[in-house]
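> Mind having a look at this structure? Questions to follow.
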Amino acid sequence: MAQATGDGTVGKALDVLDQVASFGRPVRFSELLEASPYPKATLYRHLQALTHQGMLSFDPDRQAYALGIRLVRLAHAAWTQSSLAPVARPHLDALSQKVGETVHLAQLDHGQVLYVDKRNAARPIEMFSEAGKVGPAYCTGVGKAMMAFLDETALAEAVSQQSFHRFTPATLTDAVALHDDLRAIRARGYAFDREEHEPGIICVAMPILTGKGRVLGALSVTSSTARTSLDGLEALVPVIRPVAERIAAEAEDWRFPDEGSETRQRMTAGM
């Protein structure tokens, strides 16, 4: 059953929107009610308001709700304005061609990993990730790379949002083990996925940080144990790190032109 937030009317409406989206298909009122924390009248009222605002659409023939076209428009604007994907695209293309492995770009979303872009390897491997998909942070390279560089308050909140479900024998299943790994990641500057989310899938991941150390996202190169090893992926760190730094500098310049220009000048002066 979905959990209610404490953010008033807007929070409840967003809960309902999330619930509709979670089905991945048009959904009937009875299905929503069965999983909803809200009374029938409250759920119906929010569905009507969301439909009137174009955030949901209602098919009278199927008697089903689906995400609305206004939400698609807002999602496209968010992708353009808030996602690293537009800035990172040429860098992902170049990195993918250079290393020949799968490349991921991710950002944190309420303690979880949101994959915002992906480039498949020359010989693709079947795996969980794809652009637009949400995954766990505690057992993925990109997730741990981002969490390791959060400030104390943000890290505590992110850790509290982890499920610690055991996906494989290598999965970290408690906060103590996760914190130990995050300290090691912060010390060396990059993270590994040691088959923690999917058997046979490994990666090396690099955080994308602003000049002041704020986490913007993470970049990873992913492969399989049948094709390479963690040592083999770690050898790519000198190739991956400057890509992450270029994405960070361009993202700052794009979002905050004055601050970004200062950051780029500092980086140029240090070269």
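The values are calculated or read from the model by the stated rules, or taken from the named source; none is laboratory data. Computed from a predicted structure; not experimentally measured. Heads up, the Cβs are rebuilt from the backbone with ideal geometry, glycines too, and the neighbour counts pull from every protein chain shown.
> Tell me which helices (runs of 4 or more DSSP H) are completely within the range 83-171 and hold 3 or more residues being more than 16 Å from the chain's Cα centre (by Cα), assigned by TED's automatic domain parsing to the domain that holds E195 and closer than 23 Å to E245 by Cα, or say none if there are none.
85-99
> For the range 211-231, give me each residue that is β-branched (V, I, T) and either touching a Gly at 6+ places or on another chain (Cβ under 8 Å) or over 21 Å from L92 (Cα atoms) (or both).
Hits for the range 211-231 are T222, T225.
> Also, quick follow-up: Can you find even one residue in the range 73-80 that is touching an Asp or Glu at 6+ places or on another chain (Cβ under 9 Å), hydrophobic (A, V, I, L, M, F, W, C), exposed (fewer than 14 other Cβ atoms within 10 Å of the Cβ) and free of Cβ contacts under 8 Å to residues at least 60 places away in the same chain?
So far as the range 73-80 goes, no, none of its residues is touching an Asp or Glu at 6+ places or on another chain (Cβ under 9 Å), hydrophobic (A, V, I, L, M, F, W, C), exposed (fewer than 14 other Cβ atoms within 10 Å of the Cβ) and free of Cβ contacts under 8 Å to residues at least 60 places away in the same chain.
Here's the yes/no breakdown for (1) under 25 Å from T102 (Cα atoms); (2) of a type in the set (F, W, Y); (3) modelled with pLDDT under 95; (4) touching a Lys or Arg at 6+ places or on another chain (Cβ under 6 Å):
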position	(1), (2), (3), (4)
Y138	yes, yes, no, no
A148	yes, no, no, yes
S160	no, no, no, no
F164	no, yes, no, no
T171	yes, no, no, no
V176	no, no, no, no
L182	yes, no, no, no
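> Are any of the residues in the range 130-138 in contact with a helix residue (DSSP H, G or I) (Cβ under 6 Å, 6 or more places away or on another chain) and free of Cβ contacts under 8 Å to residues at least 60 places away in the same chain?
Yes; the residues of the range 130-138 include at least one that is in contact with a helix residue (DSSP H, G or I) (Cβ under 6 Å, 6 or more places away or on another chain) and free of Cβ contacts under 8 Å to residues at least 60 places away in the same chain.
> Quick one: is L233 at pLDDT below 95, in the same structural domain as P124 (by TED's automatic domain parsing) and not in a loop (DSSP other than H, G, I, E, B)?
Answer is no for this residue.
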